[in-house]
Amino acid sequence: MTNFSVHRIRQDSADIEQLSIKREWMDNTYDRHAYNCFPITLTNGLGWGISFPEDISFIWDGVIDTTPDHVKILSGDKYVSTGRGQATISFNTGLLFRTDEDMSLLTMPVPNQFIPGATAFTTLISTSFYRGDLPIAWMITVPNTEITIPAGTPVAAIIPISIGELQKKELLVIDSPPEPEFYRQTSGDLEVLVEASKTGTWAHLYRNAITADGTPIGKHESKAIKLKTTHVEKHDKNN
């Protein structure tokens with residue numbers, strides 16, 4: 001089994017759990033309509049989220065240089081710092097990840113979560129030997145505006161990946177249409193989709209992998225992302 005573990009090295013370490021499929025903006029759509037979009041809802045749970053138990057607020061004065069003086073932390077200062085400068089903030093996660101050499105840790109913005117004015121950097125860390133807190137930083141893009149990250153809101157998502165396996169993949173670009181039997185979307189499918197759009201409903205053809213007449217056309221690799229998290233109190237020398 002591939003080794004993937006995390007040590008909480010401080011009492012005030014960040015929290016970590018699988019990302020929820022829920023998003024506030026999706027809750028606010030009419031009749032929670034956005035949750036009917038299967039590709040978005042599935043992706044929302046892709047990875048573990050890093051969050052903090054208190055609100056974090058900050059404001060940037062619009063100046064970009066190497067000093068930490070242009071971002072002011074308004075709340076949650078024990079979880080965030082401005083030492084990087086360059087209109088950024090850094091999160092003090094208190095989380096030390098350990099993986100095998102054939103696995104790296106991808107840190108990225110939380111899928112389909114939008115906080116106006118700032119966003120997380122996307123990074124790859126070789127956690128087989130890196131022995132510091134997981135570094136997470138945000139770039140601030142809107143000046144002179146107070147930005148608040150509510151308590152419990154993930155500031156980034158993490159996913160263990162193998163760069164080596166990824167580099168074995170080859171994309172084949174074919175300069176011609178596919179064979180007719182592969183292209184499954186019929187005029188009937190289009191009619192159903194157009195009608196669903198007009199009425200504000202969903203046909204769920206993609207979610208159910210069917211055509212308009214109910215004919216199966218394939219299956220999803222998975223219709224839900226379920227990530228396992230196990231908590232242990234005592235350090236295991238093998239982890």
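The values are calculated or read from the model by the stated rules, or taken from the named source; none is laboratory data. Computed from a prediction, not measured in an experiment: that's the story for all the values here. Methodologically, a virtual Cβ is constructed for each residue, glycine included, from the backbone with ideal geometry; neighbour enumeration extends over all protein chains shown.
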### Message
For the stretch 189-219, give me each residue that is surrounded by 12 or more Cβ atoms within 10 Å (Cβ to Cβ) and either among the small types (Gly, Ala, Ser) or in the same structural domain as residue 46 (by TED's automatic domain parsing) (or both).
### Response
196, 203, 209, 212
### Query
Looking at 79, 35, 30, which one is free of Cβ contacts under 8 Å to residues at least 60 places away in the same chain and either at negative phi or polar (S, T, N, Q) (or both)?
35
### Message
Tally up the residues in the stretch 122-142 that are surrounded by 15 or more Cβ atoms within 10 Å (Cβ to Cβ) and in a loop (DSSP other than H, G, I, E, B), please.
### Response
6
### Query
Do we find that residue 51 is in contact with a Ser or Thr (Cβ under 7 Å, 6 or more places away or on another chain) and at pLDDT 95 or above in this structure?
yes
### Message
Pull out all pairs, ordered by first then second residue, where Cβ-Cβ is under 7 Å, the residues are six or more apart or on different chains, the first lies in the stretch 217-232 and is within 13 Å of residue 45 (Cβ to Cβ), and the second is assigned to a loop (DSSP other than H, G, I, E, B) and among the hydrophobic types (A, V, I, L, M, F, W, C).
### Response
225/46
### Query
Considering 82, 41, which residue is in contact with a helix residue (DSSP H, G or I) (Cβ under 7 Å, 6 or more places away or on another chain) and surrounded by 18 or more Cβ atoms within 10 Å (Cβ to Cβ)?
41
#### Entry: Tally, over the stretch 4-38, of residues that are in a loop (DSSP other than H, G, I, E, B) and surrounded by 15 or more Cβ atoms within 10 Å (Cβ to Cβ)
6
### Message
Whether any residue in the stretch 133-147 is among the charged types (D, E, K, R), more than 23 Å from residue 23 (Cβ to Cβ) and out of contact with any strand residue (DSSP E or B) (no Cβ under 7 Å at 6 or more places or on another chain) is what I want to check.
### Response
no
### Within the stretch 191-238, considering residues that are among the hydroxyl-bearing types (Ser, Thr, Tyr) and part of a helix (DSSP H, G or I), the one modelled with the highest pLDDT
206
